[in-house]
Amino acid sequence: MNAVKAFALPALRRVVLLVTLLAIVFVAVDLLPGSAARSVLGREAGQAELAAKEHELGLDRALPVQFWQWLSGVLTGDFGRTARGNSIGDMLADKFPQTLLLGGIALLLTVVCSLGLGCWWAMRPKALGSRILQPTTTIAVAVPEFVCGTVLILVFSLATGWLPAVTITDRSGFPAGPEMLVLPVLALAIPQIGWNTRVVRSALVDVAAAPHVESAVLEGLPRRTILLRHMVPFAAPTIVAGYATSVGMLFGGALVVETLFNYPGVGAVLAGSVADRDTATVAAVVALTAIVIMVLLACADFVRTWSTRGAR
């Protein structure tokens with residue numbers, strides 16, 4: 001029963017937070033100048049045409065009514081249609097796998113690099129590499145994804161020409177070559193690698209002061225054995241919590257990075273929807289991204305709970 005409450009209560013809070021966020025999205029897009037009807041019809045359209053289009057799109061209804069009708073459709077699996085008449089569900093099904101690919105690779109790179117660097121830093125605090133990691137990780141955390149992406153473009157694309165700055169797609173809609181994923185993935189992963197490296201190192205340093213670790217050191221066990229058997233399992237809950245936080249940061253940052261690199265994911269869909277004042281599409285992108293993040297956070301909660309019980 002306690003385990004059920006431990007998972008049910010956070011899930012309920014996240015659902016309430018998601019509904020609140022979607023309501024804020026509706027209000028925010030409604031406050032933007034212009035309208036979806038004007039974006040679709042153009043500046044030359046008269047008032048009668050605009051009124052007819054607004055009625056067709058349901059924009060003449062009160063905002064709470066629009067939100068409730070859209071949310072009711074989402075609960076049945078229908079995201080509705082864009083202001084231009086295209087199916088939002090089909091459009092997201094076509095673009096979201098590319099975003100998952102980008103975010104998934106960035107998350108994998110984050111986990112591998114931060115675990116390796118954090119463990120090395122914790123076990124060799126006085127080494128030259130540790131002294132370099134201290135300022136390097138601080139800078140990495142402080143630099144936003146779009147700034148990191150811009151620097152990567154300047155260095156590896158414009159200055160050296162080693163990697164492409166713009167993503168070209170093939171017939172499947174995915175990047176035409178793996179080299180086109182390198183810069184977007186790095187732009188996403190570098191800030192999270194910096195953050196999680198510090199989290200891993202701090203968690204291991206805290207565990208190193210525990211009596212069982214000190215006993216293992218006095219017994220003369222190899223450093224690797226102490227790390228893997230006596231430190232990492234007890235630091236796992238904190239480390240997993242750091243990665244759970246990075247999930248939201250990665251998928252949220254992906255929307256910005258995709259626009260910067262012209263990557264064919266939902267970032268372009270979101271940018272176009274905001275330009276068209278297409279509230280339903282903007283809300284659908286936010287909802288789908290949030291649902292994926294919620295599922296991954298739930299998995300992280302499970303792993304963290306299991307790790308805590310295992311450590312005990």
Margin query: Contact list please: Cβ distance under 6 Å, first residue in segment 1-29 and more than 30 Å from Asp276 (Cβ to Cβ), second residue modelled with pLDDT of 70 or more and open to solvent by less than 70 Å² (accessible area, probe 1.4 Å), pairs at least six apart or on different chains.
Written below: none
Next item on the list: Taking only segment 75-93 into account, find how many residues are in a loop (DSSP other than H, G, I, E, B), charged (D, E, K, R) and free of Cβ contacts under 8 Å to residues at least 24 places away in the same chain.
Entry: 1
Next item on the list: Please enumerate the residues belonging to segment 99-128 that are of a type in the set (A, V, I, L, M) and either within 18 Å of His230 (Cα to Cα) or in contact (Cβ under 8 Å) with a residue 40 or more places away in the chain (or both).
Entry: Leu100, Leu101, Leu102, Ile105, Ala106, Leu107, Leu109, Val111, Leu115, Leu117, Ala122, Met123
Checklist line | Criterion: closer than 22 Å to Leu17 by Cα and modelled with pLDDT of 85 or more - qualifying residue of Ala241, Ala290, Ala283 | finding: Ala283
Notebook entry, point to check: Quick check: anything in segment 230-242 open to solvent by less than 10 Å² (accessible area, probe 1.4 Å) and in contact with a Gly (Cβ under 7 Å, 6 or more places away or on another chain)?
Noted result: no
Item checked: Selected residue [part of a loop (DSSP other than H, G, I, E, B), open to solvent by 70 Å² or more (accessible area, probe 1.4 Å) and charged (D, E, K, R)] from Arg224, Arg171, Arg201 -> Arg171
Checklist line | Residue among Glu258, Glu214 that is among the charged types (D, E, K, R), under 25 Å from Val182 (Cβ atoms) and either open to solvent by 10 Å² or more (accessible area, probe 1.4 Å) or in a helix (DSSP H, G or I) (or both) | finding: Glu258
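Which count do you get for residues in segment 225-243 that are among the small types (Gly, Ala, Ser) and farther than 12 Å from Val207 by Cβ?
Of the residues in that region, 2 qualify.
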Next item on the list: Could you look through segment 69-87, keep only residues that are over 17 Å from Ala36 (Cα atoms) and among the polar types (S, T, N, Q), and pick out the one that is least open to solvent (accessible area, probe 1.4 Å)?
Entry: Ser72
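Looking at Thr20, Thr99, which one is open to solvent by 60 Å² or more (accessible area, probe 1.4 Å) and under 25 Å from the mean Cα position of the chain (by Cα)?
Just one listed residue meets the conditions, Thr20.
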Item checked: The one condition in (1) of a type outside the set (Lys, Arg); (2) under 29 Å from the mean Cα position of the chain (by Cα); (3) open to solvent by 70 Å² or more (accessible area, probe 1.4 Å) that Glu49 fails to fulfil -> (2)
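The values are calculated or read from the model by the stated rules, or taken from the named source; none is laboratory data. Since this is a predicted model, take the numbers as computed values, not measurements. Note that we place each Cβ from the backbone using ideal geometry, even for glycine, and neighbour counts take in every protein chain shown. When the accessible area is computed, the model is the full protein with side chains, heavy atoms only, and any ligands, DNA or RNA have been set aside. Shrake-Rupley method; radii C 1.70, N 1.55, O 1.52, S 1.80 Å.
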